Structures are given as structure tokens and as C-alpha cells.
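Notes follow the structure.
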Amino acid sequence: DAEVEVASTAARERHAELAELVEEANWRYYVLDSPTVSDAQYDAWMRELKELEQKHPDLRTPDSPTQKVGAPISTEFAAVEHLQRMESLDNAFDEAELAAWQARAERLAETEPGPYLCELKIDGLAVALLYEKGRLVRAATRGDGRTGEDVTPNVRTVRGVPHRLTGDDVPDLVEVRGEVFLPVEGFRQLNEQLMDAGKSPFANPRNSAAGSLRQKDPRITAQRPLRMIVHGVGKWEGAEPPVTQSQMYDRLKSLGLPVSDRYQVVRGLDEIREFVKYYEEHRHDPEYEIDGVVVKVDRVVVQRQLGSTSKSPRWAIAFKYPPEEVTTKLRDIQVGV
Ligand code: NAD
């Protein structure tokens, strides 16, 4: 490829500068729960990094932020090794990128990759729950994808998270992944309380959820109206696993786990676009904040064929909506507090 060249000094310096900005932002976002730059700014830095690395592949080293998930964990919590790596998601910011994702899936899968499952991208924090013989034995944040933070006592206080699975066909061991979030109304009330108490409010529901869950004292977490929705599984042992993502959701629901009912299984790109457009116009219908839509290949066998890159599955993509005025306004207000 004529475009590929060894990085010049200028490219190398810009890469190092961007990597440092991103690492700093990661630490503030994932460890301190208190970001100082907007998601749009962060995404722009990541995009520039990726473009530089595409042009100069020698810059794409394993320690580049483009190759890593999240951030190293805080020392405030005990470390937990995930039984299976927790990944991130690749982003599409427009229809062309969405179409390119689908075209790649068609190229790489051994069969037609559809149907697809479309669902909402909940703006919370990723948590893994481990059930052994139906009992919740551990809950952990994503961390860097391999090692997360042990937040078991905190997650036990989240309403809707079962301490025991229900039904006759409970797997011996199951690791489920999902999003812990604060409903928009709970976020508003929490910020009011914090301000009344002379404390600084959270910038957005995502940070308030992360800040509320990652408390040393689970009694504080218990006072926050957190919820959880599960949207994936890691390890699964001792019962027949479902063969599609949508059947998996039915199965998780029958085990008593909180699953979203705002998902749709569709044939192809046109219907994916319709789903994306619908929720762009109905973004505030759900009780929680969303920052986009997630599209997943529904059949597990095709998911396996597509596999993963260094940090994200090739069988899923996050379509991100443009940032909203409201969030900016909220940030502006916060500056004045
Ligand atoms: P991501 O948030 O873009 O996507 C991956 C995550 O989406 C998964 O871990 C999962 O927990 C979550 N998710 C929500 N709904 C889901 C669903 N239905 N199905 C599957 N997964 C679902 O990626 P990321 O790696 O967690 O974070 C990167 C993003 O975080 C950036 O694009 C940026 O928006 C934000 N960020 C911002 C700053 C900042 O300083 N502002 C810093 C770091 C990260």
C-alpha cells in the first residue's frame, strides 16, 4: 500500500501527544469518574490516533490506546480476573461507517451474517456478574478488560439484580455482562441532593452511575437508585447455551435477570437504519440515557466466525449519536456551581 509509510518525526510526536491526552482522559473518566473533556473531544483524539496508525502501522504498538480497553483499575478495590475478556465496541459515526461494518461482516462470515439484533447503547458502566450454582458470587467492573474491580457488595444493593437465579435449568456457572446506570430522573434528584449538601454534582448520568457504584462504602451505593440491564454473556457452563443473541435474552430473562425489551431482530441494513433513525428521534423515551444503538449479529455461530480484534468483537458495532445540546448545557451549569 503506497499510503503506508514509516512514521516521520512529526507523526511520531503527534502520536505520542495524542496517546498522552487519551491516557490522561481515561484515568479521569474510568478511575476518578470525573472527566474534564467531552466525549466528542475524546472520540476525535481517538479517531486521529487511528488515522495516524493506519498511515504508519509501526505506531500501532500493543500499548497504544487504540489497542486497549478502559484503564488500569484503581487500588481502592480488590482486583478480579475476568473468566473471559470483557471487550469494548467499535464505533460508527455515520451511515457509511455502518454500511462498511456490515460489508466487512459479509466478507468475513462463512454465511450471510444476518439477521441482526438492534438494541440501545445504554450510557452506564460495564459490570460482569458471576453466578455459581445460581448464586451471585462476584461482581466486577470491566477495568482493562482482563482485570476488573471487585464491587460485589455494591452490586448486591442494585435493585433488580438477583442474588439467586430462578427457573429449573440454571447453568452451573454463568458470567453475564451488562450496564449499571442511573435513570435520568434518579440522576436529576441525586444532583439536587448533592448541591443542597454543598457538594459538586455529577457531569452526566454515566459518571454518576460509575461514581455511585464505585464507593468504598456500599451503604452509599445502596442509597443511589441504580439499575442494571444485561446484554451479554461470558463463560457459560453446565446447561445448553442458546444459539442466538435474542434467544439468550429470553433465557437470561427466565433466569430472573433484567433484560431490555427495547430490542429488535432485523434482516439487513435498511431495517438497521430504520431502528437507528427511530431512536435518534425518540432518544428520550427510555428512562435512561443512551448514546447510540448497538447492532449485533444475532446467530452465535456467525459471531464465532467473525471473532474479535484486539479490543472489540467484529460481530457488533456501536452507532453513536451526535452529542446533545442538553449535555453541554449541563456541563456549562456545572462550571458555575
Ligand atoms: P463504548 O462506551 O463506546 O462502548 C463499549 C461499551 O458499551 C461496553 O463496554 C458496554 O458496557 C457498553 N454497552 C452499552 N450498551 C450496550 C449494549 N446494548 N450492548 C453491548 N454493550 C453495551 O466504549 P468504551 O471503551 O467503554 O469507552 C469509550 C467511550 O467512552 C468513548 O467513545 C467516549 O465516549 C467515552 N470516554 C470518554 C472520556 C472522556 O474523557 N470524556 C474518556 C474515556 C472514555
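The values are calculated or read from the model by the stated rules, or taken from the named source; none is laboratory data. These numbers were taken from a predicted model, which means no experiment stands behind them. Here the Cβ positions follow ideal geometry from the backbone for every residue, glycine too, while neighbour counts run over all protein chains shown.
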Mind listing just one residue for me: the one in the stretch 98-137 that is assigned to a strand (DSSP E or B) and basic (Lys, Arg) and, of those, nearest to Ser308 (Cα to Cα)?
Lys121
With the stretch 177-245 as the region, which helices (runs of 4 or more DSSP H) entirely inside it contain at least 3 residues that are assigned by TED's automatic domain parsing to the domain that holds Val293 and under 22 Å from His284 (Cα atoms)?
184-196, 205-213
If I filter the stretch 46-68 down to residues being out of contact with any Pro (no Cβ under 7 Å at 6 or more places or on another chain) and surrounded by 18 or more Cβ atoms within 10 Å (Cβ to Cβ), which single residue comes out as nearest to Arg214 (Cα to Cα)?
Lys68
Among what's in the stretch 174-192 and is surrounded by fewer than 18 Cβ atoms within 10 Å (Cβ to Cβ) and away from the ligand (no atom under 16 Å from the Cβ), pick the residue that is farthest from the chain's Cα centre (by Cα).
Glu192
Looking at the stretch 276-301, which of its residues are over 19 Å from the mean Cα position of the chain (by Cα) and of a type in the set (Phe, Trp, Tyr)?
Tyr278
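Got a sec? Which of Ser246, Ser200, Ser260, Ser312 is over 18 Å from the mean Cα position of the chain (by Cα), hydroxyl-bearing (Ser, Thr, Tyr) and within 16 Å of Gly178 (Cα to Cα)? Talk me through it step by step, then tell me what you get.
Working: Ser200 fails: within 16 Å of Gly178 (Cα to Cα); Ser260 fails: over 18 Å from the mean Cα position of the chain (by Cα); Ser312 fails: over 18 Å from the mean Cα position of the chain (by Cα).
Checking each option against the conditions leaves just Ser246.
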Need the failing condition index for Glu132 against (1) in contact with a strand residue (DSSP E or B) (Cβ under 9 Å, 6 or more places away or on another chain); (2) farther than 16 Å from Leu252 by Cα, just the number.
(2)
